[in-house]
Amino acid sequence: MKVLIVEDDSLLVKMYSTKLQSLGVEVVIAEDGETAVQLVKSAKPDFVLLDIMLPKLSGLDALKLIRQSAGGKKLPVIILSNLSNEKEKKEAEALQVKDYLVKADHTPSQVVAKIQQHLKLT
Amino acid sequence: MDWKNFLVLVSIIFNFILALVIHFRGGRKKAHLAFEFTILGILGWCVTMFFYRMSSPESAVFWARWLYFFPTFIPTGFVVFGLLFPNHKLNKKIFVLIVLANLIMAWLTLQPGAVVIGVRFSLGEKIINFGWAYYYGYIIYIPVLFSLSYLVLFKKYRRESAIIRQQILYIILGLTGSSTIGITTNLILPTFGFFELNWLGQVTLFIWVGSVTYAIVKHRLMDIRLVVARTVAWALLVFILEVFYTFLILSLTRVFYGGGMNSWQIVLNGALTLITAVTFHPLRRLLERITDSIFFKDRYDTEDFLKAMGRILGSTLEIELLANKLLTRLLTEMKLSHACLVSLKGHKIEHIFSQNCQQGAVSYHQIRSILTSAQRPLIFDELPEGKRKNLLRQLDIGFVAPLRVKDKEMGILVLGHKLSGDIYFDQDIQVLSILTSEVAVAIQNALSYEEIKKFSNTLKLEVDKATLKIKNTNKRLKELSDLKDEFVSVASHEMRTPMTIIKGYLSMLLEGDAGKLSPKAKDLISDAFEGATRMIRLVNNMLNVSRIESGRISVNLQDVQLEKICEEVVDEFRIEAREHGLKLKFETLGTNEPLPKVRVDIDRIREVLVNLVANAIKFTPHGHIFVRCQVKDDLLLTEIEDTGVGIPKEARKKLFRKFSQASLRDAQERKGSGLGLYICQLMINEFGGKIWFNSKVGKGTTFFFVLPTVKSR
């Protein structure tokens, strides 16, 4: 089990990775959109936690590229962002994300619970 | 025929002409009729005197009676004239009384043995024997009626204005002159048996005729100037024809027949008469034109003039154009030296329009001051000497009239003198009086129009100015509003990240990620976690309000199993409730089956429930909080019941308003933005539902909201 965390805030990266690693999950980290696209190809994660506001390439633009790449079409993705505008939500929906979570509204364990919920379903 | 009789004859002719003149005037007015009647009486008197003096002993009595018959009408005519002049109004009682006395006296004069008994001849002079009616009636009747006519005319003289006074004065002068001599020679002297001077009465009538004629020409008594002119033309024509005709007849008779008349002469006369008749009309026309050019240099057609003026007045509402057209027309038609129109606004002079006028505004103020007392126009020639006349003389003004509309002063019309040097005739004054009232109305209209135009311009400017201001303000407000929304959006995003970090790590601590915590540490960290959660809710609410108010909120409607959301929210609050020592429970009532779905935005309805449960926890020190769902008819009813402090009565009405808090003290104690319930109501309404509450202070509060079920839609 390998989860790609795409997040530029180091404190958040540490928080989510700590929680996931404590549950025995392997964690790959990308701090910008471009790296995320590359890592999807090279690291082949099973699940992606994707932020939107990112340096170089935004989360949604990165996801578009990921969806176009060979292994990225069906990759389960949860958007984890503090943006809560309808615009981003709709865009994310069109890119077949599993969920759109507002970071502030969810504790790390709640996020993990969502990941588990979606992995169980698939 | 002796020379005395000849003089009487001349007197007859002059009186006849005067009678004609008065008659041709038309006699439409009552005073003119009375005057005509008087002259006819005088004429009758003259004619009978002529015949009486020529009469044989056989017919003398007959003529003598008629000689005393006619004079009875003369004083009657005068009295009636005096009563009527110049207003043509009559006291009917006095009129009937005088006419009755006149008729009785006239009837008596024709009765044998009443006034005139007989006529005897003595030394070639006729002596009349008078009867009882003469002594007891006639010699009283005549002087009394004459006195009465003096009295009436004198009264009128004192009351009337200058020009009428002049007219009355000439009439009185003529009347005095001829009547005193007439009464002396025909009444007083005969009473004492002295008849020799009785012809003098008729002859002195020249005084009368002369003075009246003078009054006519100089002071347009009864407006018979025109007739005088015509009569003069006519008299001249008759005279010339007479001379021409006589000369022709006499000379031709002498040349062809050497005197004496025969049938040829009669035929010739006929032919000559024919020539006369043929040449009469063109000659008359020529002479009329000549006399017209002398008497009426400045004549104009009243009707045409007024029509033209009416057209000018009706043609425009621009006061300047109106005034200039009007004045130009007045100057050319009436041939005046100058004319000026002043329009007033209250006591101020608004405009001065002038043609050849020299006066300044000060003069017009002076004119205005003398006009305020005058209701009618002031005419220089008619004014008595005094301050007003002096002012008009000084300013070279012939006519000045106030322009009034219903007693409101609109302006002044000032006219100079006629270029011909003539006075203003009755025709002019009548025309001008019609004109002034029309001009006054026209000026009022023009001024109103001007005012409306000015007002509408000012209004337009003001409106434009205000509109621009509003536009700018709106623009600025929109900028500010956009800025605020952007700020709230960015700020909330930026605030959410650190809050996520705090909340996340605290949750991990509580979950034992850093090892087992002591109960004391767990308690403290729970409080910190609650604080962080509350902070996040506040940010969410602020963000929502900002979205709602900028109209940027879009709802993503889905068919939702509401009881599941309720369960999730209650689960989220379980830790917080336990921390507060509260019992938190969710249940569905009435059925074990899944409840019907509702069509809502899942994130928003979650926010509503979060707000309501958070509120319940906040305001409940101890006891329980129950969240229940049940179906009521076609609606899904959700209730959140607590055993809290309750909502004070004074706060209930305002509870759903923005930034409302139960009370300031509560706000300080409990902390909260006052946005939660506002958002709840907006959302529930948006989903077609309704939210309300029941509350008892000290016992608790229950919030209810209903949403239409999907089935019922």
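The values are calculated or read from the model by the stated rules, or taken from the named source; none is laboratory data. Nothing here was measured: the structure is a model prediction, and the numbers come from that model. Cβ placement follows ideal geometry from the backbone for every residue including glycine, while neighbour counts extend to all protein chains displayed. Note: areas computed on protein heavy atoms with side chains; ligands, DNA, RNA excluded. Shrake-Rupley method; radii C 1.70, N 1.55, O 1.52, S 1.80 Å.
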Estimated FRET transfer efficiency (B:E160, B:V96; beta-carbon r; R0 45 Å; 0.05): 0.95
B:L391 accessible area, assembled protein chains, probe 1.4 Å, Å²: 20
Cα→Cβ-extended label distance, 7 Å offset, between B:F121 and B:L252, nm: 4.3
DSSP beta bridges in the protein assembly as shown [antiparallel fraction, %, rounded to 5]: 70
Inter-chain shielding of B:493-502 (mean C-beta neighbours from other protein chains, 10 Å cut-off): 6
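A 32 angstrom limit on the alpha carbon distance is what I want to check against. Which of B:K155/B:K408; B:K478/B:K597; A:K2/A:K103 exceed it? Spell out each step's value before the answer.
Details: B:K155/B:K408 34 Å; B:K478/B:K597 40 Å; A:K2/A:K103 21 Å.
Checking Cα-Cα distances, B:K155/B:K408; B:K478/B:K597 exceed 32 Å.
Over the whole of A:86-94, what's the average partner chain Cβ count within 10 Å per residue? Rounded to a whole number, please. Please report the intermediate quantities before stating the final value.
Details: counts 8, 2, 0, 3, 2, 0, 0, 1, 0.
Across A:86-94, the average partner-chain Cβ count within 10 Å equals 2.
Efficiency by 1/(1 + (r/R0)^6): what FRET value for B:I452 and B:Q561, r their Cβ-Cβ distance, R0 = 60 Å, to the nearest 0.05? It would help to have the intermediate numbers written out before the result.
Working: r = 70 Å, r/R0 = 1.17.
It comes out at approximately 0.30.
With a 1.4 Å probe and all protein chains kept in place, how do B:W132, B:W45 rank by accessible area, largest first? Spell out each step's value before the answer.
Numbers: B:W132 150, B:W45 25 Å².
Ranking B:W132, B:W45 by accessible area, largest first, yields B:W132, B:W45.
Report the rotationally averaged projected area of chain A based on its alpha-carbon convex hull, in square nanometres.
Working: hull surface 26.3 nm².
Quarter of the Cα hull surface area: 6.6 nm².
Might you tell me the accessible area per residue for the stretch B:555-708, computed with a 1.4 Å probe and given in Å²? If you can, show how the numbers build up before the last one.
Values: 7700 Å² over 154 residues.
Per residue, the stretch B:555-708 has an accessible area of 50 Å².
How much area per residue is accessible in the stretch B:34-120 when the probe is 1.4 Å and only protein heavy atoms are counted (Å²)? Write down the numbers at each step before the final one.
Working: 3760 Å² over 87 residues.
For the stretch B:34-120, the solvent-accessible area averages 43 Å² per residue.
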Mean Cβ count within 10 Å, highest first, over the residues of peptides B:310-318, B:594-602, B:147-155: B:594-602, B:147-155, B:310-318
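Top to bottom by accessible area (1.4 Å), largest first, where do B:S59, B:S179, A:S22 land?
From most exposed to least exposed: A:S22, B:S59, B:S179.
Nearest 500 deg cm²/dmol is fine: what mean residue ellipticity at 222 nm does the protein assembly as shown get from its DSSP H runs of n ≥ 4 alone, each adding -39,500 (n - 2.57), divided by its residue count? Mind showing how you got there, number by number?
Details: 27 runs with 497 residues, N = 835.
Counting only the DSSP helices, I get -20000 deg cm²/dmol.
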Label-point separation in nm, B:S315 to B:R289, each point 7 Å along Cα→Cβ: 3.1
Spread of Cα-to-Cα distances over 20 Å intervals beginning at zero, given as percent, for the protein assembly as shown: 11, 23, 14, 8, 10, 13, 13, 8, 1, 0
Inter-part distance where the stretch B:508-543 and the stretch B:307-366 are each reduced to a Cα centre, Å: 95
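When only C-alpha pairs under 8 Å and at least 6 residues apart count, what is the relative contact order of the stretch A:1-99, in percent?
On the way: 162 pairs, mean separation 26.1, N = 99.
It comes to 26 percent, rounded to a whole number.
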The stretch B:3-223 - Debye-derived log10 I(q)/I(0), Cα point model, q = 0.09, 0.10, 0.13, 0.16 Å⁻¹: -0.35, -0.43, -0.72, -1.07
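Considering only Cα-Cα distances, which of the following residue pairs are longer than 18 Å: A:K74/A:K98; A:K114/B:K522; A:K90/B:K564; B:K307/B:K406; B:K29/B:K418; B:K348/B:K418?
Numbers: A:K74/A:K98 10 Å; A:K114/B:K522 25 Å; A:K90/B:K564 23 Å; B:K307/B:K406 23 Å; B:K29/B:K418 28 Å; B:K348/B:K418 29 Å.
Pairs exceeding the cut-off: A:K114/B:K522; A:K90/B:K564; B:K307/B:K406; B:K29/B:K418; B:K348/B:K418.
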Free-standing Cys, the protein assembly as shown [no other Cys Cβ under 4.7 Å]: B:C46, B:C566, B:C629, B:C680
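I'd like the FRET efficiency for B:H580 and B:A466, computed as 1/(1 + (r/R0)^6) with the beta carbon distance as r and R0 of 51 Å, rounded to 0.05. Please report the intermediate quantities before stating the final value.
Details: r = 57 Å, r/R0 = 1.11.
Taking R0 as 51 Å, the efficiency between B:H580 and B:A466 is 0.35.
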Cross-link reach list, aspartates and glutamates versus B:K583, counting only Cα pairs under 20 Å and skipping chain neighbours closer than eight places: B:D523, B:D527, B:E530, B:E563, B:E567, B:E568, B:D571, B:E572, B:E639, B:E641, B:D642
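For chains B and A, what's the summed buried accessible area, probe 1.4 Å, to the nearest 100 square angstrom?
Result for this pair: about 2000 Å² buried.
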Accessible surface of the protein assembly as shown, 1.4 Å probe, proportion on carbon and sulfur as whole %: 61
Calculated diffusion of the stretch B:302-454, Stokes-Einstein form, Kirkwood radius summed over Cα pairs, 4 °C and 1.567 mPa s, µm²/s: 84
List B:T302, B:T204, B:T372, ordered by accessible area with a 1.4 Å probe, largest first: B:T372, B:T302, B:T204
Label-reachable residues, the stretch B:46-78, where backbone N falls under 16 Å from a point 7 Å from B:I104's Cα toward its Cβ: B:72-73, B:76
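Compute the accessible area per residue over the stretch A:2-115, keeping the other protein chains in place, probe 1.4 Å, unit Å².
On the way: 4840 Å² over 114 residues.
On a per-residue basis, the stretch A:2-115 sits at 42 Å².
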